[in-house]
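The values are calculated or read from the model by the stated rules, or taken from the named source; none is laboratory data. None of these values were measured; they are calculated from a predicted model. Neighbour counts are summed over all protein chains in view; Cβ atoms, including those assigned to glycine, are modelled from backbone coordinates with ideal geometry. Just so you know, the surface numbers come from the protein's heavy atoms only, side chains and all, with ligands and any DNA or RNA stripped out. Shrake-Rupley method; radii C 1.70, N 1.55, O 1.52, S 1.80 Å.
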Amino acid sequence: MESRGLTLTLGPSDDRRRPLALTPREDLLGFIGSYLGRAVLFLITGTSVLAVLLILLFVILRSVPFLRDFGVGEFLTSRAWRPTADEPVFGALTLIVGSLYVSIAALLFAVPVGILAAVFLSDIVSWKIRNVAKPVVEILAAIPSVAYGFFAVLVLAPWMQRRFGFSTGTNALNASVILAIMALPTIISVAEDAISALGRELREASYSLGATRLETMTKVVIPAAHSGIIAAVVLGMMRAIGETMVVWMASGNATQIPHPWWDLSQSIRTMTATIAGEMGEAPEGGAHRSALFAVGVVLLLMTFVLNIVSEYFLSRAKKAAGKS
Amino acid sequence: MNLGVRRSLDRLFTGLTGASIVLLMLVLIAVLGPMIYRGSGAVLFGGTVEFRKMQRDLFNRADRDALAAEIAETDEVRQVVHEMVDRFKKGIDIAAMSSQAREINREYGRELRYRDATPEEYTESREVARAIRDKLEEAFGSQDIELIRKNIAEVLAHKDEPRFKGTVAERYFTLATDFLDAAEHIDLSRYHDYLVALDEVEVILFGSIEHPGLLGPRPNQPARPLAMTSYGATRWDQAQSLLDRLVWAEKWVEKEPGQPLVKERSPRAELFHGTALEPLFTYVPEQLDEMLRPRFTVYWQFFIDDNFDSHYFGGVGPEIIGTLLITVVGMLFVVPLGVISAAYLVECASDGPVMRILRMSINTLAGVPSIVFGLFGLAFFVLFLFPRLGFEPKPCILAASLTLAVLTLPVMIRASEEAIRTVPRSYKEGSLALGASRFRTFVTVTFPAALPGILTGVILSLSRIAGETAPILFTGAVSMGPVPKSIFDPTRTLSYGSYDMAVGDRLAMMVPHNQYGMVVTLITLILILNAVAIVLRSRVFKKLKGH
């Protein structure tokens with residue numbers, strides 16, 4: 001290899017008489033410099049903390065006037081959301097249920113497929129096929145949510161209406177199918193990490209006892225990786241619950257709780273869609289706007305809880321992987 | 001359990017896992033396929049002469065002489081259509097003909113006044129003219145062909161009278177002959193049906209204030225306010241569907257009582273059987289090619305043009321500019337912040353409560369729903385920070401970029417951290433052993449080595465920022481408006497435009513190619529950004545390796 005860029009100066013350098021030790025002044029400056037530098041870096045890194053605090057502060061502060069005037073009780077228990085009536089009612093129960101409803105329905109579709117796909121990627125295919133399959137998952141993750149919403153409302157909704165004879169194509173089923181597609185990349189990558197982190201020994205032990213792949217997977221590997229898989233599901237849930245454009249465009253935005261509860265072909269409305277849809281019309285300083293911020297607080301709290309749960313399971317998964 | 005059963009269950013399981021990946025691929029194809037297929041129609045299509053006219057008028061983009069020659073040729077072919085319609089109209093449009101007769105009568109009276117005629121002559125001529133008018137009106141209103149023939153014959157008897165020579169009253173006689181000619185060929189009891197059907201045909205052919213037509217407005221019609229109705233079918237596929245509507249009349253029929261209505265198609269020519277309009281329905285399909293001159297067009301200007309009439313014409317230029325602006329300004333904030341944070345997390349921080357708080361914040365930030373970022377951006381940047389910095393508290397590009405920068409901060413930090421962490425320790429130790437300070441080691445050794453990975457983080461953040469919609473709903477995106485002049489203006493973006501065209505726009509539904517074109521442009525832009533960054537990354541990688 002040629003030594004490009006490397007110049008060797010042979011012979012004594014000019015300042016060879018300079019002692020190796022630093023002068024006290026240099027030492028002090030270096031000390032102060034390095035600590036100052038660290039402090040500046042620390043402050044910059046603190047932006048994230050600051051951002052979280054500011055988000056909490058401002059979303060909560062904005063919702064305070066509403067919660068003071070209307071009370072938390074009615075907000076969380078009433079099913080009526082009539083923000084523009086003469087006597088406005090802000091009952092977010094329907095919205096909260098709607099958000100949970102589509103997210104859980106989405107998980108019902110996404111989790112089985114996601115776990116199977118994770119097993120496929122980690123245990124079954126060769127590297128070559130994996131390198132083809134992995135980009136599919138990545139592209140699915142890269143497509144912006146508004147494009148999924150566009151697909152849901154202009155392609156999937158008319159198709160569903162024709163194929164299944166629903167009264168409307170924009171309904172809970174449509175939204176949850178799309179949410180499932182969007183949650184899948186998250187679920188697959190986290191679950192695959194957890195499953196492949198377990199190491200060969202566990203699998204080899206199982207195979208050497210004569211277990212088939214199915215038995216190895218369902219009785220040994222997946223139970224051992226359960227923390228990571230739970231974390232994957234929770235992260236998928238977080239993705240689904242926080243998603244806005246798709247549910248706004250595809251869920252039909254009808255303020256109702258489906259009845260009977262299993263009927264996915266009804267329109268529903270979620271918290272995120274309500275904020276997105278009504279913020280533009282809510283006048284500044286009014287109760288409506290403040291109520292929408294309160295909905296934002298509920299959303300924020302939900303994702304916090306999910307976040308804590310996912311982190312608990314992720315740290316357990318890390319420990320489990322370390323042990324095996 | 002039986003070994004055979006176990007084995008087949010195992011096969012089933014393996015098959016299912018494979019099927020799940022196949023399902024994902026199919027989903028990807030099902031999502032992207034139809035969108036890309038239809039979206040490509042915004043750029044590649046059969047452009048008609050109307051399209052070229054539109055390009056000339058709205059975008060000042062044409063080979064004017066060639067186009068003028070082409071228009072003259074097509075006008076010649078179209079003239080036949082105009083004549084057919086006019087001829088048919090003469091026998092049908094009773095209201096118009098009656099008012100024409102009355103107009104002639106009035107004008108004749110005015111003309112008489114300026115002639116030197118004796119009062120008796122004047123009165124007599126007026127009376128004859130009035131009588132002719134009444135006869136004509138009677139004929140127009142009648143449904144009895146015998147009565148019409150009689151009336152018209154009586155009118156025509158006055159034809160050679162000298163008092164009408166060279167006056168406006170001569171038009172009476174052309175009116176009368178035209179009408180008789182038309183009346184002989186139609187079923188007089190169906191005047192009303194004809195009128196309604198004719199109106200439909202005219203809207204399909206020439207358009208109306210609201211609907212664009214096949215051939216565009218007739219030469220003598222007043223100019224229309226909207227660009228979309230001022231031209232005929234600009235695209236061959238549009239022309240085909242309009243032609244279909246012209247040739248086939250659709251009707252909702254109740255087949256059995258109580259059952260939902262069924263759509264039925266019948267040839268429209270049947271409606272006009274035996275009339276002067278019947279040949280139109282064979283002439284137009286035969287000559288449509290000559291009337292519209294479709295030509296394969298690559299409308300690459302779709303990516304730079306502004307739009308007219310809610311995206312009916314034109315492209316997505318301002319949307320692309322807006323998206324790029326928001327993305328670039330956002331990256332200016334998030335890249336330095338993210339890289340420095342990552343450097344601190346890897347190089348300086350030691351385990352402890354501070355570190356845990358930092359980590360937790362980053363994870364929390366990554367989990368906050370995008371719409372909450374929108375709320376935060378509105379409450380903090382637009383309504384709180386801007387007034388205090390002396391900016392106007394209104395949604396703008398800067399607010400949107402800042403909001404998106406906060407949103408992508410965790411993505412950026414995590415990717416950079418990962419990249420810095422994967423730099424081999426030996427690199428760093430080598431540098432430190434040579435006496436370089438930690439800062440110097442980071443800048444000259446660790447950072448360049450980590451650059452490919454950091455670029456990956458930049459890619460991820462880029463595509464995230466370009467595609468997000470919810471956070472910019474209240475902080476900077478608008479569906480209509482001028483191209484932004486500074487970062488303190490709100491802007492149109494591809495993402496918000498896609499939303500708006502998908503649900504909010506009646507006109508957009510008439511042009512699915514533009515609707516899909518917008519969203520495909522967004523997807524393509526994101527994929528291109530990714531591709532560019534990947535190429536960049538591989539180059540940096542090669543350089544680092546010393547090849």
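Descriptive notes on the structure:
- Helix-only mean residue ellipticity at 222 nm for the protein assembly as shown, each DSSP H run of n ≥ 4 adding -39500 (n - 2.57), per residue, nearest 500: -21500 deg cm²/dmol
- Under 5 Å between amide hydrogens, built in the peptide plane, is the criterion, and for B:Ala249 it picks out B:Ser266, B:Arg268 among residues at least 5 positions away or on other chains.
- Backbone phi angles across the stretch B:403-411, fed through the Karplus curve with coefficients 6.51, -1.76 and 1.60 (θ = phi - 60°), yield HN-Hα couplings of 4, 5, 5, 4, 4, 8, 3, x, 4 Hz in residue order; Gly and Pro are listed as x.
- Dipole moment magnitude, nearest 20 debye, the stretch B:26-100 about Cα centre, only Lys, Arg, Asp, Glu C-beta charged: 300
- Gain on full extension, evaluated as 0.36 nm per residue between B:Glu264 and B:Asn60 minus their Cα-Cα distance, stands at 69.1 nm.
- A simple spin-label model places pseudo-atoms 7 Å from Cα toward Cβ; at B:Ala223 and B:Arg245 they are separated by 2.5 nm.
- Computed over the stretch A:101-183, the P(r) tail beyond 22 angstrom holds 37 percent of alpha carbon pairs.
- Here the label points at A:Ile32 and B:Glu70, each 7 Å from Cα along the C-beta direction, are separated by 7.6 nm in the simple model.
- Accessible area of B:Met360 in the full protein assembly, 1.4 Å probe (Å², nearest 10): 110
- Take the Cα of A:Thr23, step 7 Å toward its Cβ, do the same at B:Leu26, and the gap between the two points is 7.8 nm.
- Taking the 1.4 Å solvent-accessible surface of chain B as the whole, the part contributed by carbon and sulfur is 59%.
- Residue-normalised accessible area of the protein assembly as shown, expressed per residue, 1.4 Å probe, Å²: 49
- Among the residues of the stretch A:144-164, those with an accessible-area drop of 30 Å² or more from chain alone to full protein complex, heavy atoms and 1.4 Å probe, are A:Pro144, A:Val146, A:Ala147, A:Phe150, A:Phe151, A:Leu154, A:Val155.
- Approximate shape of chain A as ellipsoid semi-axes (Cα gyration tensor, √5λ), whole Å, largest first: 47, 34, 19
- Counts of other chain beta carbons within 10 angstrom of each beta carbon in peptide B:473-482 average 1.
- Per-selection Rg to Rh, the stretch A:229-278 - Cα, Kirkwood hydrodynamic radius: 1.04
- Carbon and sulfur %, accessible surface of the stretch A:138-201 computed with the full protein complex present, 1.4 Å: 56
- Using a Förster distance of 56 Å, the FRET efficiency for A:Thr168-A:Arg200 (Cβ separation, nearest 0.05): 0.60
- Residue mean of other protein chain beta carbons inside 10 Å, A:37-45: 6
- Charge dipole of chain A about the Cα centre (unit charges at C-beta), most positive-ward option of A:Gly169, A:His288, A:Val52: A:Val52
- Protein-only accessible surface at a 1.4 angstrom probe places the residues A:His259, B:His273, B:His158, A:His226 in the order A:His259, B:His273, A:His226, B:His158, largest first.
- Cβ-placed point charges (K, R +1; D, E -1), dipole of the stretch A:186-228 about Cα centre in debye, nearest 20: 100
- Cross-link pairs exceeding 32 Å between alpha carbons, from the set B:Lys90/B:Lys251; B:Lys89/B:Lys263; B:Lys90/B:Lys255: B:Lys90/B:Lys255.
- 1.4 Å probe, heavy atoms, protein only - residues of the stretch A:281-324 losing at least 10 Å² accessible area vs chain alone: A:Glu284, A:Arg289, A:Phe293, A:Gly296, A:Leu299, A:Leu300, A:Thr303, A:Phe304, A:Asn307, A:Glu311
- Volume in Å³ per residue [convex hull over Cα atoms, computed for the stretch A:92-149]: 87
- Summing both sides, the accessible surface hidden between B and A at a 1.4 Å probe radius is close to 6200 Å².
- Signed unit charges on C-beta, dipole axis of the protein assembly as shown, positive-most listed residue B:Gly315, B:Pro490, A:Val64: A:Val64
- Among B:Leu525, B:Leu407, B:Pro471 - extreme Cα towards positive end, dipole of the stretch B:384-528, charges at beta-carbon: B:Leu407
- Complex-versus-alone comparison for the stretch B:380-400, residues with a loss of 30 Å² or more in accessible area, probe 1.4 Å: B:Phe380, B:Leu383
- Test item: A:113-124 mean partner chain Cβ contacts at 10 Å: 5
- The protein assembly as shown: C-alpha pair distances exceeding 45 Å, %: 47
- Theoretical gain in end-to-end length, B:Phe384 to B:Thr174 [0.36 nm per residue, Cα-Cα removed]: 67.9 nm
- Within a Gaussian network of chain A (alpha carbon springs, distance under 10 Å), most fluctuating of A:Arg79, A:Arg203, A:Arg62: A:Arg203
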